[in-house]
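Data first, discussion second: the structure below is written as structure tokens.
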Amino acid sequence: MRVSLQYIFITFIALFVVTSTTAQQSDFEIKQEFENRYASIDSSITNADNIRKIDSVLLEIDKLALDFMNNASLLDDALYPKSYSTAIAELKENSRNAEHKLLIIENQAERLSILSNEVSQYKSEIGSLVKRSDSLRLAIANSQDSERKLSNLVADYRKSVEQRDEFIFDIVDTLFVTYKALNPNAVRELARQGNKGSISDNESPLAVISSIINQNIETLQVNDESLTTDDYLRMYALQKKVSNVWNQVGDNLVNIYGGSKKEAWKQDITADLDKWRASSSYAMWTSLGDYMEHQNVSLAAFDNNNSFFAALDSFVVSATKESGDTILKNDSYKEFKSFKEMWSAKIKNDWNKYLIEGDVLTIPQMASIDSKLNDWGDESRPISTGFLILLGFSLIVLTLLIITIIWRRTGVKE
């Protein structure tokens with residue numbers, strides 16, 4: 001009897017141990033399976049290269065959450081300091097971040113494709129401009145009896161250059177908006193995409209910028225007399241804008257598209273921008289000085305924003321003083337009206353956008369000249385004819401009065 005009780009007791013203990021071991025193994029297997037599936041999903045998120053794959057991953061996360069919902073308490077203990085819910089939430093957050101990055105990449109790829117098409121049009125337009133300019137120079141050299149045709153060719157050439165520059169302004173705005181707001185993670189993702197060879201060197205924004213710079217340098221080096229101060233101001237403002245945008249997004253562009261030639265791209269574009277700045281600056285300031293001289297506005301020498309404003313300011317102040325010292329002001333007022341017309345119609349109207357874009361004159365500087373022009377106008381305004389008649393009549397009356405007084409005094413003495 002005692003042996004039977006001992007046997008039953010031992011059997012019970014053995015069953016308890018086996019059952020406990022089986023339960024422990026089951027808990028371990030659940031934890032291991034969850035972790036394996038978690039790692040697999042996490043790897044899928046990291047390696048996803050399009051939005052469709054992220055959509056599939058999100059379905060896998062939902063399935064993982066559903067499959068282990070009944071084991072949440074067990075996993076809360078097994079995954080400490082994480083929990084079942086935080087692990088699922090982490091996968092979803094990683095998926096959303098990956099989806100955002102892929103959206104950026106796909107949007108950039110789409111924008112870059114559009115930009116590449118625009119660049120092709122741009123290059124085609126440049127080719128057309130080169131042919132037109134060659135034809136124009138040939139016509140100037142060989143034809144003396146087609147002034148009307150020559151004039152039309154000049155107008156077409158200038159219009160083409162203007163259209164090209166305005167197109168470049170749009171391209172630069174696109175580059176700025178596209179790449180300025182990118183955070184470091186997005187830059188790294190785009191760089192990783194670029195390193196896979198999805199974007200060729202000729203399609204990259206670096207090539208676009210390099211092409212823009214070189215084409216504009218070539219245009220300036222031709223030194224074509226067909227271009228006017230308006231054109232040189234626009235080209236100078238464009239150079240300023242490209243330089244400013246490069247300073248703000250250049251590092252992002254180099255990191256994304258530079259590949260193994262990052263430093264070379266950066267050095268080449270920076271050096272070319274310096275050449276463009278020097279060429280456009282010399283051409284614009286020289287042309288602006290010639291224009292002022294042609295308008296009979298004698299300004300002190302200038303070659304930058306400060307000296308140009310100082311020259312204008314000095315001219316207006318001196319003219320105002322001379323007008324105040326002049327009795328007969330007709331010539332002074334004509335000079336004022338001529339300058340005022342040029343200032344309002346040409347500088348403030350036609351040139352306003354490019355003066356501000358290129359920092360040739362700032363808005364406060366222009367407001368200052370406006371204020372001093374009002375003073376010049378007041379000082380130079382001639383006396384009205386009516387006032388002169390009244391003054392003459394008053395002098396006659398005064399003279400007669402004085403004669404009368406003298407005559408009376410003389411008569412009294414006699």
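Among the residues that make up the stretch 292-299, is at least one of them under 21 Å from GLN215 (Cα atoms), in contact with a helix residue (DSSP H, G or I) (Cβ under 7 Å, 6 or more places away or on another chain), in contact (Cβ under 8 Å) with a residue 24 or more places away in the chain and surrounded by 14 or more Cβ atoms within 10 Å (Cβ to Cβ)?
No, the stretch 292-299 has no match at all.
Keeping to the stretch 138-179, report how many residues are exposed (fewer than 15 other Cβ atoms within 10 Å of the Cβ), of a type in the set (Ser, Thr, Tyr) and either touching a Pro at 6+ places or on another chain (Cβ under 9 Å) or modelled with pLDDT of 70 or more (or both).
Adding up the residues that qualify gives 1.
Being farther than 20 Å from GLU33 by Cβ and in a helix (DSSP H, G or I) is the filter here, so list the residues in the stretch 59-93 that pass it. If you could, list the steps in order and put the result at the bottom.
Step one: of the stretch 59-93, the residues farther than 20 Å from GLU33 by Cβ are 81, 93.
Passing the criteria: only GLU93.
Looking at SER281, SER243, which is the one that is over 30 Å from ALA319 (Cβ atoms) and in a helix (DSSP H, G or I)?
Step by step, each of SER281, SER243 is checked, and only SER243 is over 30 Å from ALA319 (Cβ atoms) and in a helix (DSSP H, G or I).
Do we have any residue at all in the stretch 196-213 that's within 30 Å of ALA48 (Cβ to Cβ), at pLDDT 70 or above and basic (Lys, Arg)? Working first, answer last.
Initially, the stretch 196-213 is screened for residues within 30 Å of ALA48 (Cβ to Cβ), giving 196-208.
Within this subset, residues satisfying the condition of being at pLDDT 70 or above are 204-208.
After this cut, where a residue has to be basic (Lys, Arg) as well, the list is none.
No, the conditions are met nowhere in the stretch 196-213.
Condition check ((1) among the β-branched types (Val, Ile, Thr); (2) surrounded by 21 or more Cβ atoms within 10 Å (Cβ to Cβ); (3) within 20 Å of GLN163 (Cα to Cα)) across all residues:
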| position | (1), (2), (3) |
| --- | --- |
| SER210 | no, no, yes |
| ASN216 | no, yes, yes |
| VAL222 | yes, no, yes |
| SER226 | no, no, yes |
| LEU238 | no, yes, yes |
| LYS241 | no, no, yes |
| GLY250 | no, yes, no |
| GLY259 | no, no, no |
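The values are calculated or read from the model by the stated rules, or taken from the named source; none is laboratory data. If you're wondering where the values come from, they're calculated on a predicted model, not measured in any experiment. Cβ sites come from the backbone with ideal geometry, for glycine too, and all protein chains shown count toward neighbours.
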